[in-house]
Structure formats: C-alpha cells, structure tokens
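The values are calculated or read from the model by the stated rules, or taken from the named source; none is laboratory data. Treat the numbers as computed from the prediction; the structure is a model and nothing was measured. Positions of Cβ are backbone-derived with ideal geometry, glycine not excepted, and every protein chain shown enters the neighbour counts.
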Amino acid sequence: MSLAAVAAHLAEAAILLDFDGTLAPIVDEPAMARPLPDAAPVLTDLCRRAAAVAVITGRPEAFVRDVLDVPQIEIVGLYGLAASPRLDEEVRTGLAHIAAGEPGAEVEDKEVSIALHTRRTADPQTALARIRKPVRELAAAHNLTSFEGKLVLEVAPPGARKGGAVQELLERLRPTAALYAGDDLQDLEAFDALERSEIETCRVAVVGSGTPERIIEVADVEVDGPVGLLQLLRTL
Ligand SMILES: [Mg+2]
C-alpha cells in the first residue's frame, strides 16, 4: 500500500485521477474549471510510462477532453453513466424549483445526472443544508440516488458512483498496481474499490478547502492541492 510499490510497477500500473479539485483547482463557476497548465505535459509523459492513465469524473467526457490536451488518456465521464437515459423532465423541473428557493444556487444539467451547486449563494453551507432534504426526497420519489460533494448535491440513477467505474477499469485493465487520487466524498468509493483489489495500491488525498476529513484519514498519501499532486506524479 504505498507510492513506492506503484512507482516500482509503473509500467504495469493504472494511474486513476479525479478531475475537479484534483487536476483542476475548484472555481466558483463549474464551467470555468481548468486543469493546471502543467497537467497536460505531466500526464502525457505518464501515459508513455504507465500501463494506463485515466480520469474518472462526474463531468461529461467531452468537457474534460476539451480542457485537457492529452490524447492518450482514458476519460470515464459522468461516473461511467454516458449510456444512461436522460433524467425525467419532472426531476429537472423539481430541481429547478428547489434551486430557485436559494438565490445564487446553480443547476448543472448533465442530462443523465443533475447537480445543484450552492457555491455562489450568500451562505453556501446553509443553503446546502436547506436543499439536502428536498433533493433527497425528489431523488427517492423517482428511484434515483442523490449524493453530496463540496457544496454540491447531485441526483443520478442508482449505481452512478465512482466505485463502480474504478472497479470496472481495474477488471478491464488488470494492472499489477494502481494509484487513485481524489479530493471529495465520491472518491472514498474509488479508494474502497482499490482496497478490495488484490494489487499494490496507493490512495492519494488531494487536500484543498473543504476536503472531507474522512478522505484524509483513509489515504496512504496526502498532497497539497492539484499542485502537490502534479509534484507527486512527476516523481513516479
Ligand atoms: Mg473532485
């Protein structure tokens, strides 16, 4: 369970990375998120030396492709849900209604899932606490799941989680070692998927504002934001 083990097996290792808060600093406007300028060269180099490099994100694949110029990288967008049907209009209207009650709350409609961000409300934590219950109820009423990240609640079909996406990657790629780096609650499931595998693994917590304590506790290694992660990846 260490970075050294992954480094020693790099040619047969999978390097799995979250996007927001991990490769790209968190910004107020989700559409404006960009990876650090050094991310593309570092990842391009890693693609040559590791068995696989992949980004696992709740964002659509096309968004990440547009902002991250690394042709060889694999991108699992929308938690691997891209083939799922578009959410019902009722869910869309219901979430828009909930968002309308919190001035500054933003709806990010990804068709197969919808996220509500409270980052730009006057009191983001309080707004998040207020919408938590109605969002959960709306999700449950439509047999959907809701989950939480940094100042965001998301509604998606059940099973739409990073754990499943990572497990699928590990089964397909069959690496002898794997590193996963992330900064948020969703990434804990990816950590668990690594833990369940029987290969050498390294779980990296990318620590920034609002990183849940739990992810720092569980991680094997802790780095300071996306800058710290790129420094770590350069050492592989
Ligand atoms: Mg993240």
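Here is the figure for the stretch 157-191: residues that are of a type outside the set (Phe, Trp, Tyr), within 16 Å of the ligand (Cβ to nearest atom) and either in contact with a strand residue (DSSP E or B) (Cβ under 6 Å, 6 or more places away or on another chain) or part of a helix (DSSP H, G or I) (or both) total 14.
Outside any strand (DSSP E or B), under 29 Å from Ala96 (Cα atoms), in contact (Cβ under 8 Å) with a residue 40 or more places away in the chain and not acidic (Asp, Glu): does that describe Arg120?
It is true that Arg120 is outside any strand (DSSP E or B), under 29 Å from Ala96 (Cα atoms), in contact (Cβ under 8 Å) with a residue 40 or more places away in the chain and not acidic (Asp, Glu).
Count of the stretch 113-122 residues, restricted to those that are surrounded by fewer than 20 Cβ atoms within 10 Å (Cβ to Cβ) and within 24 Å of Leu81 (Cα to Cα), is 0.
Just a yes or no: is a residue in the stretch 30-53 out of contact with any strand residue (DSSP E or B) (no Cβ under 6 Å at 6 or more places or on another chain) and at pLDDT below 95? Within the stretch 30-53 (the criterion being out of contact with any strand residue (DSSP E or B) (no Cβ under 6 Å at 6 or more places or on another chain) and at pLDDT below 95), the answer is yes, since at least one residue qualifies.
Output yes when any residue across the stretch 198-207 is among the charged types (D, E, K, R), closer than 24 Å to Ser113 by Cβ and in a loop (DSSP other than H, G, I, E, B), and no when none is.
Step one: filter the stretch 198-207 for residues among the charged types (D, E, K, R), giving 198, 200, 203.
Then keep just the ones that are closer than 24 Å to Ser113 by Cβ; that gives none.
No, the stretch 198-207 has no match at all.
Scanning the stretch 208-235 for residues that are modelled with pLDDT of 95 or more and in a loop (DSSP other than H, G, I, E, B), we see that the one that is surrounded by the fewest Cβ atoms within 10 Å (Cβ to Cβ) is Thr235. Here the condition is being of a type in the set (A, V, I, L, M), surrounded by 15 or more Cβ atoms within 10 Å (Cβ to Cβ), in the same structural domain as Val27 (by TED's automatic domain parsing) and not in a strand (DSSP E or B); of Leu138, Leu128, Leu194, it holds for Leu194 alone. Out of the stretch 108-130, which residues are over 18 Å from the mean Cα position of the chain (by Cα) and closer than 25 Å to Gly77 by Cβ? Matches in the stretch 108-130: Arg120, Leu128. Flag not set for Ile15, criterion: closer than 22 Å to Gln167 by Cβ, in contact with a Lys or Arg (Cβ under 7 Å, 6 or more places away or on another chain) and either β-branched (Val, Ile, Thr) or in a loop (DSSP other than H, G, I, E, B) (or both). Summed over the stretch 140-156, residues that are farther than 23 Å from Leu230 by Cβ and within 13 Å of the ligand (Cβ to nearest atom) total 5. Total residues in the stretch 123-164 satisfying the condition of being free of Cβ contacts under 8 Å to residues at least 40 places away in the same chain and within 16 Å of Ala83 (Cα to Cα): the figure is 2. The single condition among (1) closer than 30 Å to Asp109 by Cα; (2) away from the ligand (no atom under 16 Å from the Cβ) that His9 does not meet is (1).
Looking at Val27, Val76, Val53, just one residue is in contact (Cβ under 8 Å) with a residue 60 or more places away in the chain and either closer than 24 Å to Leu188 by Cβ or not assigned by TED's automatic domain parsing to the domain that holds Ala193 (or both), and that residue is Val76.
How about the stretch 18-112: which strands (runs of 3 or more DSSP E) wholly inside it have at least 2 residues that are more than 16 Å from the ligand (Cβ to nearest atom) and either polar (S, T, N, Q) or buried (at least 18 other Cβ atoms within 10 Å of the Cβ) (or both)?
Working: elements: 52-56, 74-76, 106-109.
Where strands (runs of 3 or more DSSP E) fall fully within the stretch 18-112 and carry at least 2 residues being more than 16 Å from the ligand (Cβ to nearest atom) and either polar (S, T, N, Q) or buried (at least 18 other Cβ atoms within 10 Å of the Cβ) (or both), they are 52-56.
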